[in-house]
1. Across the stretch 14-31, which residue is least open to solvent (accessible area, probe 1.4 Å) among those that are at pLDDT 80 or above and within 16 Å of the chain's Cα centre (by Cα)?
2. Give the residues of the stretch 58-108 that are in contact with a Leu (Cβ under 8 Å, 6 or more places away or on another chain) and either open to solvent by 20 Å² or more (accessible area, probe 1.4 Å) or within 27 Å of Ser164 (Cβ to Cβ) (or both), sorted by residue number.
3. Quick check on my filter: what residues within the stretch 151-192 are at pLDDT below 90 and among the hydrophobic types (A, V, I, L, M, F, W, C)?
4. Among the candidates Met47, Met75, Met55, which residue alone is under 16 Å from the mean Cα position of the chain (by Cα) and outside any loop (DSSP other than H, G, I, E, B)?
5. Can you work out which of the residues in the stretch 109-159 that are basic (Lys, Arg) and either in contact with a Cys (Cβ under 8 Å, 6 or more places away or on another chain) or assigned to a loop (DSSP other than H, G, I, E, B) (or both) is most open to solvent (accessible area, probe 1.4 Å)?
6. Which one of these does Ala148 not meet: (1) small (Gly, Ala, Ser); (2) without any contact (Cβ under 8 Å) to a residue 12 or more places away in the chain; (3) under 16 Å from Ser56 (Cβ atoms)?
7. Within the stretch 93-140, track down each residue that is in contact (Cβ under 8 Å) with a residue 40 or more places away in the chain and in contact with a Gly (Cβ under 8 Å, 6 or more places away or on another chain).
8. Considering Glu66, Glu29, which residue is in contact (Cβ under 8 Å) with a residue 40 or more places away in the chain and over 16 Å from Pro195 (Cβ atoms)?
Amino acid sequence: MTKHFAAVLVFALFSSLVLMRAQQFPWWERLLQHYGGKNDQTPVSSMKMGNHMQMSLKGASQPGDEQRAKQIVFMAGEVVAHYADVNRALQEGYKPFHPTGKMGEEVHYTNYRYARLEQKGVIYKQPGSILYKRTPEGMKAIGVMYTAPQNSTPEELNAIAPLSIATWHRHVDFCGGPRNLPLDEQFGQHALFGPQGSIHTEEACNQAHGLWIPVVFGWMTHVYPTAKSSDEIWAGMEMRMEANTDAKRL
């Protein structure tokens with residue numbers, strides 16, 4: 001009986017310590033750390049865009065790239081037309097990802113089941129995320145986002161959308177802040193932690209007692225089928241980096 005009681009007590013203490021440690025950071029940061037990459041190294045030719053975004057560099061043009069790109073844009077256009085009414089997207093399981101409520105913001109509406117399926121293979125007419133812009137008239141469908149695993153090779157990304165045309169990106173070097181910090185220290189342009197935070201190295205994150213996440217999500221590429229130029233259709237280096245960072249909507 002004594003041994004049993006001692007074992008139960010040890011287990012309870014251990015569970016309490018684990019729980020206390022887990023509660024130091026929001027659950028979603030723990031989840032990102034668990035599923036994220038262990039470092040930001042990649043075989044994909046890329047460059048940093050700011051401190052927290054990694055962008056693929058253009059690859060050499062290959063036969064058929066232009067035609068493949070046109071087909072992807074056409075299918076993305078069908079998606080945008082189908083989900084022109086944001087209520088249809090909501091009815092079919094797409095949910096807004098961290099909207100700020102600011103006019104002009106771009107909001108990802110994500111269907112997490114479709115997003116998981118994309119990790120095994122992209123279905124162009126059923127993307128994991130649809131991109132909406134907040135306008136005075138309401139949410140306007142403007143594009144789609146296709147994704148790939150964070151450890152994808154150049155060949156795997158190229159098979160989804162040609163690297164000579166599409167620009168892929170990953171969110172990297174994220175330092176999550178303890179959950180008891182004021183929101184302005186975790187989110188926003190002057191934050192210490194978070195997706196726009198001034199901390200972007202593991203050493204600095206550890207010194208600040210943050211939660212280091214080298215790669216937050218997988219590779220992503222945006223397609224804006226109604227844009228006028230190729231650079232705008234495939235987003236490129238002109239991507240807005242400040243959208244979807246408001247913790248108050250988690």
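1. In the first step, residues of the stretch 14-31 are kept if they are at pLDDT 80 or above; the result is 24-25, 29-30.
Now narrow it down to the ones that are within 16 Å of the chain's Cα centre (by Cα): 29-30.
Details: Glu29: 4, Arg30: 56 Å².
Among those that are at pLDDT 80 or above and within 16 Å of the chain's Cα centre (by Cα), it is Glu29.
2. Lys58, Gly59, His98, Glu106, His108
3. Leu181, Leu183, Phe187, Ala191, Leu192 - these are the residues of the stretch 151-192 that are at pLDDT below 90 and among the hydrophobic types (A, V, I, L, M, F, W, C).
4. Of the residues listed, the single one that is under 16 Å from the mean Cα position of the chain (by Cα) and outside any loop (DSSP other than H, G, I, E, B) is Met55.
5. Lys120
6. With respect to (1) small (Gly, Ala, Ser); (2) without any contact (Cβ under 8 Å) to a residue 12 or more places away in the chain; (3) under 16 Å from Ser56 (Cβ atoms), Ala148 is out only on (2).
7. Listed by number, the residues that qualify are Gln119, Ile130, Leu131.
8. The match here is Glu66.
The values are calculated or read from the model by the stated rules, or taken from the named source; none is laboratory data. What you see is a predicted model; the values in this text were computed from it and never measured. Positions of Cβ are backbone-derived with ideal geometry, glycine not excepted, and every protein chain shown enters the neighbour counts. Please note that ligands, DNA and RNA were not included when accessible areas were found on the heavy atoms of the full protein model with its side chains. Shrake-Rupley method; radii C 1.70, N 1.55, O 1.52, S 1.80 Å.
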